[in-house]
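Got a structure for you, questions after.
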Amino acid sequence: MTEIAFSPSFKRAFKKRIAGRKPLEENIWKRVEMFKVDPHDVRLRTHKLSGELREFWSFSIDYDVRVAFQFAARNRTVF
């Protein structure tokens with residue numbers, strides 16, 4: 001199981017864009033739980049980013065919402 005740490009920028013973005021939007025917030029936590037079990041679950045559509053964000057990976061929450069993250073260690077990920 002993957003350990004997840006939330007960066008300050010993730011917390012700010014979550015508070016600004018997601019908090020209070022109950023269905024979206026619930027969907028995010030469901031996807032995070034799926035990610036903990038298997039970061040490459042096909043339902044997440046996990047993929048490596050390119051360009052300026054090439055050190056990051058991303059997975060989908062909704063059609064227009066995604067979470068960018070970095071694999072920090074073998075079983076540790078930073079959102």
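Every number here is computed from the coordinates shown, using simple stated rules; none is lab data. These numbers were taken from a predicted model, which means no experiment stands behind them. Here the Cβ is made from the backbone with ideal geometry for all residues, glycine too, and neighbour counts use every protein chain on show.
Take the residues of region 19-52 that are in contact (Cβ under 8 Å) with a residue 24 or more places away in the chain and hydrophobic (A, V, I, L, M, F, W, C): which is farthest from Gln70 (Cα to Cα)?
Leu24
Can you tell me which residues in region 58-77 are more than 20 Å from Glu26 (Cα to Cα) and of a type in the set (Val, Ile, Thr)?
Within region 58-77, Thr77 is the sole residue that qualifies.
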